[in-house]
Structure formats: C-alpha cells, structure tokens
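The values are calculated or read from the model by the stated rules, or taken from the named source; none is laboratory data. All values reported here derive from a predicted model rather than from experimental measurement. Backbone-built Cβ (ideal geometry, glycine too); neighbour counts: all protein chains shown. Keep in mind that these areas ignore ligands, DNA and RNA; they rest on the heavy atoms of the full protein, side chains included. Shrake-Rupley method; radii C 1.70, N 1.55, O 1.52, S 1.80 Å.
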Amino acid sequence: MNSNPLKPLPRKIPKEIHPKKMNKINRIKRPLDNITNIQTTLYENSLKNPRIGNKDKKGKKKEKKIETKTPKLIESTIQNNSSIQMVLTPNCTSTISQESPIKQKTTNTDPSLVAEYSEEIYQQFLENEKKYQPSIDYIEETQNMINEKMREILVDWLIETSQEHEFHSETLFLAINLVDRFLSKYSVSKQQFQLLGAACLMIASKYEEIYPPSIDDFVYICMNTYTKNNFVVCETKVCNELHFDFTVITPIHFLRRFLRITEGSDLILMVLSNYLCELQLLDYSLLKYPPSLIAAAAIFAARGILQKNIWDPALLSDCPYSIAQLRTCVFDLLRLFESAKNSESKACFSKYSGTELYNVALLKSPSLENFF
Amino acid sequence: MIPAKVDDYTDLQKIGEGTYGVVYKATKISTGETVALKDIRLESEDEGVPSTAIREISLLKDLKHPNIVRLHDVINSDRKLTLVFEYLKQDLKKYIDSCKDPIPTRQIKSFLYQMLRGVAYCHEHKVLHRDMKPQNLLINKKGELKLADFGLARTFGIPVSSISKEVVTLWYRPPDVLLGNLKYGTSIDIWSTGCIFAEMYIKKPLFRGKSPKNQLKKIFKKMGTPSKEAWPSVVKLPGWSEYNFQEYPGKTLQELVPTMEDPEGFDLLSRMLQCNPAKRCSAKEAMKHSFFNDIKK
Ligand SMILES: Nc1ncnc2c1ncn2[C@@H]1O[C@H](COP(=O)(O)OP(=O)(O)OP(=O)(O)O)[C@@H](O)[C@H]1O
Ligand SMILES: [Mg+2]
C-alpha cells in the first residue's frame, strides 16, 4: 500500500533561492537516498522555499536570527544568569560562549512571566486544556485514506516548514492541533492532505506570528500543487468547522511554567524537554495524553536522560500528576527519543542534533531502571 | 446546528466604520433581538481571513465576562465575514462628547471599575487588549461598560520581546512602548486605562500627540521627564538616546485634571500613569484601591 499522503510534487526549481538558503541546503546532510521519493521532494520543497516577502516586513531580521538559534522558550524561561548551569555530557560537546545571545537575553526578566497573574493563568490552563483537543482514535473512526504513517510524514514536514520560517513553537503546536481536530471530524483525501496541513499552518501563523507569510508564500511552500483559491477555500472550511476556536492550550504553555519550577533547570534541560515535546507531535498514539501531562513527562524524561535526580519533588508537587500517572508517558517519550535516531522522519531529529541546540537528540538513552 | 446566515438579520443601520469593515445595528428576525454586525470584507484583502479577525474571534469566544462584549455568532461565507455581537447603545467616546455637564464622579467610578474588571479578566486569561480607548468601550442604558474591538488583542504566551510594536492608538500608547520597549506586558493596558480615566473628567484626550516623538513630548511635559533614578532601564530603550528629551519638571495631576477633586482618585491615577511600566499598578491592584470603597462591586 502506498503510504505517502502527499502526491508527488513537481520537481521545479524555485525561481530565486536566497544565497544564504542555498548554503543551508548544502550544509544539511541527510540520507536522502533512504527516504522515499516523495519525502525527498517534500524535504527539498521546504528547504528551498525562499522566504518571500518577509524580509522587508521584518525590520528586525537581524535580531530575530539570533533568537532563533535557541528555542523561543528558553529566553522567557530563564530568569537570571545564575540559574544557567552547563551540563556537559559525553555526547554534548558545545559550550556556551560568553557572548551567547541566550545569556544576554536573560538578564531582563520577562514581564509576562513575573506578572502577578501567573497562578490564575496556570489554573485556567489546567481547567481548559481539554477543551479543544482532537479525538484520540480518528484514524480508525473517521479517516478512510489517511493512516498513522501519513500523519507522521505530514507532521514532520510541518516541523521542517516551521523551522524554515522561524515560527514560534506555539505556531507549530497550534497548527498540528488544528490538523488533528479537523481530521477528527472529516475524512480527507490523500490529495487534500498536504493542503490541509499547510492551511492549518497558515491559520496558526496568522494567530501567533507578527508577520505571517502570505498565501502566495504558502502556495510556493507547496510547490504550486494548490492554488491560492484552494487555500482560501480550505482556510474558510477549517475556520468554520473548528468554529474559530484557536485559543488552544498546548504542552508548550505548560512547559514554560514547569521549567521554571523544576530544580536545577538549565539550558540543556530546556532544549531537551522542548525536543521531547516536539517529537511527541509525530506520534499519533500519544494524542491520548493531555498537554500538561506531556509537558511534565518531557521534563522528567529529560532529567532522566541528563542523569539528574529524576523525580524532582518541586515539579512533582506543582504538576497535577503522581509518579504512577507520569510513568507510562515518560516511557513513551523515551521510546520516541530512542527511535528518532533511526526514524525516517528526520526534521525534528536533525534540528536538535545540531550544535546550536547542543546535540541533545544524540544523547544516550538512560536505563529504564532509573525510573523505578 | 444550522449555520447562521446574513439573511437571519434585518433592519440594518450603519453605526460605525472601522479600519477593516462596517458595523451595523440589526435585528435578528427569529428572536427580535437587537445585535451589532461587524462586516469584514475579504475580497480587498485577498489574503483570506485577516489575522486581526482570526484573533478577535478566537479570543472573544473564550472570554466570557459581563464587562466584555459578547460575540454571539460568526457568519463566514462567500468572501465575507460577519461577526454578530450583542448590541450596546453607545461607545464611551460618543457618550463623553454628548455630555454637556461634567460626568458625575459616581458614574466615572463605576465605568472605571468595570473597565478594570474587564482588563483584569483578560490578563488572567493571558490576553492583552492593546487597543484600550473610548471608541472601543461600549456602554448601555443600564450603565454597563464592556470592552470591545479585540482586533489588536493577543495572548502573551509568546515571549513578549517578539510582540509587534504597532499597537494602541498613539494617544493611549504608554511611554515605554513609544520609546521602543518590545518587552511590554499587561502594563500596556493600564496606561491606556489611566488615560481614559482622566479623559472622563476633562472630556478630551489627556495626551494628544501628532507623532510618536511628539506624543512622548506631550507626556513628559505633563508628567515630567522620567529620571534615570526613577526608571533605570529607560536608558536602554532605543528612543531614549535618539530623542534625547530635555528634563521637563512636569505638572501636578491636580493641574492636569482639575475637576477630579477626590484625593483618592489622584492617588489611583498616579499609580496608573507611571512612565516606568514596572511601577504601574496592575488591574487587580487598582480594583482594590480605596477610590472604589463607596461603590457597589
Ligand atoms: N456591539 C456593538 N454595539 C454597538 N456599537 C458597536 C458595537 N461594536 C462596535 N460598535 C461601534 O462601531 C465602532 C467600530 O467598531 P470596532 O472598534 O469593533 O471596529 P474596528 O474596525 O476594529 O475599528 P477600529 O479599527 O477603527 O478601531 C465602535 O467604535 C462602536 O462605535
Ligand atoms: Mg475600534
């Protein structure tokens, strides 16, 4: 059976490739031969996609570049320099230089996090996190043509596209939530599957980003497989069917808070738990876990990988779960962490294998006994 | 559920024109209920649903509070998007303009308290309004006041350093944002609310600048140029060295808002109109201020 959800896209060379982009394409090495034809095309699409129109609008291009070297969440999570502590593990060779943008960024406390409302906001997140979640068995119940593997390929492509466009994590998580919720209600054909993914990413970027790409950019991202009008129609359909309920609580929302709570929180821990949350997006079977559980489990799993005291009492008492409730989710994340090293879906793994993100994806898996 | 249609409404009367559409008063045929329809044209955009509409709708759907305008329905069809709101008689701007006598202090207190309650609710839900001004506050005959126009609102989950600076109508924009502070948070709405508080007494906008620089000058002339002692981080803001304002001594709030009289009111106003955002009070704190001791809560 053909498991590729996305129809072969025209192998067209984009008119203008930004020179900087070209470098990037050459720099990233991936075992292209091993991946199916379609994935290769997809992979190239997203890489070759020039950032049309964004450049002029983004007056702050330079600053933004620096920020994106680390996940967005880091900046707001570290409260001051003193909490940054390097952890050097055998596989992690990079160190933070004195001029690290992260360090500079962290000296200013983020007003949105020290605000006196943080308790109310956390409580309200917990109350509402289940409000806009997809059904957990829609592939079996609703879809005729889409399977788990196809979903994984689409998510992988969305992760890659988001990275290329330097979207915030929130945008990516929202986009995938929209895809899953739409698929929970309507059966979608293989031909329309990528359109749905791209349209959801477009909606999410309109919701979260300051400078969302234009529809033309998205047409281009999909290598002209779909027309501008296809996008407008698909967007309207998603908006209507999901009733414009886009204020969605995702693991990222909880991760920020939990990272502030957990003892000995450092950069590597932050990057690694962010990675685990992103990996989880690829796995349909993990839709069953609520966002707060994923976020908490990601931190405990990361603590395990980093050989810290795993069940940090501070985080245990702050998050609404017991060790028993957390354990299966932690194991699932560790399983994903290990299998990502050999998976065909490479976007997330490659992103977090780079030295910019401290090679966290290459760390050694811990022994599960440590978790008992 | 049958999707709502524009045909479900009759008696359309234009009541306002915003930046991206027209607002009508209308009657819902099935119930006789009066509503406000905000039409957003899509064909001019050609970018599908505008991001302002995406945010306004999805945020308002989750903000249910007596001091926030209710969004009843959304009609999304054929290149046109219509938002169906509960109807309120007037916006605060029109009300202020229509009052010949000074607005009674009790009335001002009640409006301000309701404004703060709406703002506090938004902030508790991680939402910044970012466009507080009299035109965007709606009132009805019962004396209720509700926050409207969430077109510039957004959640503050994303590190604020990357939030847009194109926010808040110039006259209600706080000095730190005018100086280029992109790390603003909830304090942005408090400055605007403070400006409206004063405006209800003097019946015209407190600071009416023509450009960001001119707006800052107006603010500093009235409030005094902030000193590095009172606001150490001000020197790091890009506009500070660029504009290099002279040190205006500033005036007293009594001079600026002569009709206020109430010392409690001056105290509260001074806490809201702090140039240094870190010193500005929160909406929740403002609600607890003794200025409100004598009103029904
Ligand atoms: N629910 C309502 N009931 C009564 N009048 C309303 C209502 N909503 C809006 N209006 C009127 O229409 C005007 C414009 O509405 P609104 O601010 O929501 O639109 P906008 O396009 O965002 O405007 P702008 O961008 O110019 O601020 C308001 O100032 C108010 O006078
Ligand atoms: Mg308005």
*asked:* Can you find a residue that is open to solvent by 20 Å² or more (accessible area, probe 1.4 Å) and farther than 28 Å from B:His289 by Cα anywhere in the stretch B:103-114?
replied: no
*Meets criteria (within 22 Å of the chain's Cα centre (by Cα), open to solvent by less than 20 Å² (accessible area, probe 1.4 Å), without any contact (Cβ under 8 Å) to a residue 24 or more places away in the chain and within 14 Å of chain B (Cβ to nearest Cβ)) for A:Phe218*: yes
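Conditions (1) out of contact with any Ser or Thr (no Cβ under 7 Å at 6 or more places or on another chain); (2) at pLDDT 95 or above; (3) in the same structural domain as A:Lys346 (by TED's automatic domain parsing); (4) surrounded by 18 or more Cβ atoms within 10 Å (Cβ to Cβ), marked per residue:
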site	(1), (2), (3), (4)
A:Asp156	no, yes, no, yes
A:Leu195	yes, yes, no, yes
A:Ser205	no, yes, no, yes
A:Glu209	no, no, no, yes
*For residues in the stretch A:227-286 being facing another protein chain (nearest Cβ under 10 Å), under 30 Å from A:Ile299 (Cβ atoms) and assigned to a helix (DSSP H, G or I), which is most open to solvent (accessible area, probe 1.4 Å)?*
A:His253
_Looking at the stretch B:124-139 only, could you name the residues that are more than 14 Å from every other protein chain (Cβ to nearest Cβ), more than 9 Å from ligand 1 (Cβ to nearest atom) and part of a strand (DSSP E or B)?_
B:Ile139
*Which one of these is among the hydrophobic types (A, V, I, L, M, F, W, C), away from every other protein chain (no Cβ under 14 Å) and under 22 Å from the mean Cα position of the chain (by Cα): A:Ala297, A:Ala324?*
A:Ala297
*Applying the selection to the stretch B:198-232, what residues are part of a helix (DSSP H, G or I), farther than 26 Å from B:Asp262 by Cβ and touching a residue at least 40 places away in the same chain (Cβ under 8 Å)?*
B:Pro212, B:Gln215, B:Leu216
*asked:* Looking at the stretch B:3-23 only, could you name the residues that are within 9 Å of ligand 1 (Cβ to nearest atom) and not in a loop (DSSP other than H, G, I, E, B)?
replied: B:Ile15, B:Gly16, B:Glu17, B:Gly21, B:Val22, B:Val23
*Does the stretch A:317-331 hold any residues that are open to solvent by 10 Å² or more (accessible area, probe 1.4 Å) and either closer than 14 Å to A:Ile305 by Cβ or touching a Ser or Thr at 6+ places or on another chain (Cβ under 6 Å) (or both), and which are they?*
A:Phe331
*Please state which of the following conditions B:Lys100 fails to meet, knowing it meets all the rest: (1) modelled with pLDDT under 95; (2) open to solvent by 20 Å² or more (accessible area, probe 1.4 Å); (3) within 14 Å of ligand 2 (Cβ to nearest atom); (4) not hydroxyl-bearing (Ser, Thr, Tyr).*
(3)
*Could you figure out which of (1) assigned to a loop (DSSP other than H, G, I, E, B); (2) under 22 Å from B:Phe266 (Cβ atoms) isn't true of B:Lys142?*
(2)
*Is it true that B:Glu56 is farther than 19 Å from B:Ile139 by Cα, within 14 Å of chain A (Cβ to nearest Cβ), free of Cβ contacts under 8 Å to residues at least 60 places away in the same chain and acidic (Asp, Glu)?*
no
*Are there any pairs with C-beta distances below 8 angstrom linking a residue in the stretch B:97-120 that is within 10 Å of B:Leu145 (Cα to Cα) to a residue that is of a type in the set (Asp, Glu), with the two at least 6 apart or on different chains, and if so which?*
B:Gln114/B:Glu144
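Residues are listed down the side, and each one gets a yes or a no for (1) within 16 Å of ligand 2 (Cβ to nearest atom); (2) within 21 Å of B:Lys28 (Cα to Cα); (3) among the hydroxyl-bearing types (Ser, Thr, Tyr):
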residue: B:Pro66; (1), (2), (3): no, no, no
residue: B:Arg70; (1), (2), (3): no, yes, no
residue: B:Arg79; (1), (2), (3): no, no, no
residue: B:Val84; (1), (2), (3): no, yes, no
residue: B:Lys93; (1), (2), (3): yes, no, no
residue: B:Ile96; (1), (2), (3): yes, no, no
residue: B:Thr105; (1), (2), (3): no, no, yes
*Which condition number in (1) of a type outside the set (Gly, Ala, Ser); (2) free of Cβ contacts under 8 Å to residues at least 40 places away in the same chain; (3) closer than 28 Å to B:Glu144 by Cβ is the one that B:Trp191 fails?*
(2)
